[in-house]
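Notes to accompany the following structure.
None of the figures in this text is laboratory data; all of them are computed from the coordinates on show. Quantities reported herein were computed from a predicted structural model and do not represent experimental measurements. Positions of Cβ are backbone-derived with ideal geometry, glycine not excepted, and every protein chain shown enters the neighbour counts.
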Amino acid sequence: MKQTPKRNSKTDHFTYRVTWSAEDREHVGLCAEFPSLSWLARTPEDALAGIRRVVKEAVKDMEAAGELVPVPLAVKHYSGQFRVRIPPEVHRSLAVRAAEQGVSLNRLASAKLSA
């Protein structure tokens, strides 16, 4: 009977990504919550396993030092609101476009951001 590997729930919910690095000519494993960490490997699977190990060690070190560990993006609460400062001319232009389209400025900005 095949056993599934035991997971470390403290690090399983972080946002991992594997991409190709043309410069290094290898796959690179990344973690959004730890942007300064990465792991290079010949295969995507090894890059993912590598970055997961690095993050696990980083979390262990942070906890030992009494540092705050980042909250995984997947479990963080988002209100759906954030403020953006733009030049007055851009604000005016967007307000005009929204009025011409018969929608609120909020709806116009939301549509542009999600496109």
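Students often check this: by mean Cβ neighbours within 10 Å, which of 69-75, 80-86 ranks highest, and how do the rest follow?
Ranking the peptides 69-75, 80-86 by packing returns 69-75, 80-86.
Quick one: compute the contact order of the chain, relative version, from alpha carbon pairs under 8 angstrom and 6+ residues apart, as a percent.
After rounding, I find 18 percent.
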Of the listed values [x] 0.91; [y] 1.17; [z] 0.94, grab the one calculated as Rg/Rh (Cα atoms, Kirkwood Rh) from the structure here.
[y]
Potential lengthening between T15 and V84 on full extension [0.36 nm per residue; Cα-Cα distance subtracted]:
22.4 nm
For region 12-38 and region 43-115, what is the separation of their C-alpha centers, rounded to whole Å?
17 Å
Once amide H atoms are built 1.01 Å from N in the peptide plane, which residues 5 or more positions from H13, or in another chain, come under 5 Å H to H?
none
